[in-house]
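Participant: This is the structure I have questions about; it appears just below.
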Amino acid sequence: MNNIMMIIEFVGTDYSGWQRQSNARSVQGEIENCIMVVTKERVTLHSSGRTDAGVHARKMTANFLIERDIDIVRLRNSLNSLLPDDIAVVDMRRVDDGFHARISAKKKVYEYHIFNRDTKDPFMKKYSWYVRKPLDVSKMRRAAKRLTGEHDFTGFTSTGTSVKSFLRTIYDIDIQKNGHDITLTFTGSGFLKQMVRNITGLLVQIGYGKYDEGFADVVLRQKKIEKPYITAPARGLFLIDVIY
């Protein structure tokens, strides 16, 4: 068997998320179907993680096992000729048998993009969250600092998750403002369902004054899924990198 690793970029707007579903379009399903057309083998893609409907990726890592020896460059080019324009395989290589895109991952990096102005920008609508109220980025940074480290993030996940442990480590939440654009970069050991979007929603509410900075600690101490904050929309979220 050959273990093949691939790096994928996609715009998630028109997909139900990464994971294959029987009744909706998924990124995984589109790629697996194209691999089947090219190789005549049905494979299962193992990804570095799942993304929700509407979430984008600059660097989704996945791997699959295939029996036949195949020209990697030709396979990549063939897939890109078949895939929809909003999905691209940017790299593909053979890896050791022990590599698994999810299990082998050490860190993941996500970006969330906010457009903060009193009037909307139609060019930013697809890839960012339009927030009209002025945001105090300094307050958001101080609140974000409270969430770094290893914590039980039950209070920042959403219903429907099947994980056994809510313990995760956030190494850094970097918040940068450039004109009307605000970018939050999350680096962590892994993230729970909608965790980045939930944290972003709370930080935005702190930024426009609904809550004070200490409310981040209140939610962090929650050991139940209660969500006293808004969840940021999926369109502003990008998977940027997976570190092995």
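Participant: With a sphere of radius 10 Å drawn around the Cβ of S48, what net charge do the other residues whose Cβ falls strictly inside it have (Lys, Arg +1; Asp, Glu -1)?
Facilitator: Residues close to S48 contribute a combined charge of +3.
Participant: Here's something else I'd like to know. If one takes the longest principal axis of the Cα atoms in the chain, at what angle in degrees, from 0 to 90 and to the nearest 10, does the Cα axis of helix 72-82 lie?
Facilitator: Tilt of helix 72-82: around 70 degrees.
Participant: Oh, and also: Please figure out what share of the DSSP beta bridges in the chain is antiparallel and state it in percent, rounded to the nearest 5.
Facilitator: So the antiparallel bridges amount to about 90 percent of the total.
Participant: By the gyration tensor of its Cα atoms, with a ≥ b ≥ c the square roots of the eigenvalues, what is the shape of the chain: rounded for a/c under 1.5, prolate for a/b over b/c, or oblate?
Facilitator: Values: a/c = 2.36, a/b = 1.74, b/c = 1.36.
Judged from the Cα gyration tensor, the chain comes out prolate (a/c at least 1.5, a/b above b/c).
Participant: Quote to one decimal, in nm, the extra length available between I243 and A24 on full extension: 0.36 nm per residue of separation minus the C-alpha distance between them.
Facilitator: Working: separation 219, 0.36 × 219 = 78.84 nm, distance 2.97 nm.
The I243-A24 span can extend by a further 75.9 nm.
Participant: Now for a separate question. Relative contact order for the chain: what is it in percent, counting Cα pairs under 8 Å that are at least 6 residues apart? The partial results should precede the final answer.
Facilitator: Details: 531 pairs, mean separation 58.7, N = 244.
Relative contact order here is 24 percent.
Participant: Among T61, T169, T200, rank each residue by its count of other Cβ atoms within 10 Å, from fewest to most, as a rough exposure measure.
Facilitator: Listing T61, T169, T200 from fewest to most nearby Cβ atoms yields T169, T61, T200.
Participant: Taking K and R as +1 and D and E as -1, what net charge do the other residues with C-beta under 13 Å from the C-beta of T119 add up to? Walk me through the intermediate numbers first.
Facilitator: On the way: positive: R117, K120, K125, R132, K133; negative: D118, D121.
Within the 13 Å Cβ shell, the charges total +3.
Participant: Report, in deg cm²/dmol and to the nearest 500, the calculated mean residue ellipticity at 222 nm for the chain, where each DSSP H run with n ≥ 4 adds -39500 (n - 2.57) and the sum is divided by the residue count.
Facilitator: After summing the helix terms and dividing by residue count, I get -6500 deg cm²/dmol.
Participant: Check the straight Cα-Cα distances from K40 and name the lysines below 30 Å, setting aside those fewer than 8 residues away within the same chain.
Facilitator: Partners found: K59.
Participant: Oh, and also: Treat each spin label as a single point 7 Å out from the Cα along the C-beta direction, and report the D97 to L65 distance in nm.
Facilitator: Simple spin-label model gives 0.9 nm for this pair.
Participant: If each of K164 and E226 carries a label point 7 Å out from its Cα toward its Cβ, how far apart are those two points in nm?
Facilitator: Each label point is offset 7 Å from its Cα along the Cβ direction, giving 2.8 nm.
Participant: If r is the Cβ-Cβ distance from K125 to A53 and R0 is 22 Å, what FRET efficiency results, to the nearest 0.05?
Facilitator: 0.85
Participant: D174: net charge of surrounding residues, Cβ under 15 Å, Lys/Arg +1, Asp/Glu -1, itself excluded?
Facilitator: +3
Participant: Suppose R0 equals 25 Å; then what is the FRET efficiency for Q176 and N80 from their Cβ-Cβ distance, rounded to the nearest 0.05?
Facilitator: Calculated transfer efficiency: 0.20.
Read the figures in this text as sums done on the coordinates, not as results from a lab. Quick caveat, the model's predicted, so the values are computed rather than measured. Positions of Cβ are generated from backbone atoms using ideal geometry, with glycine treated the same way; all protein chains shown enter the neighbour counts.
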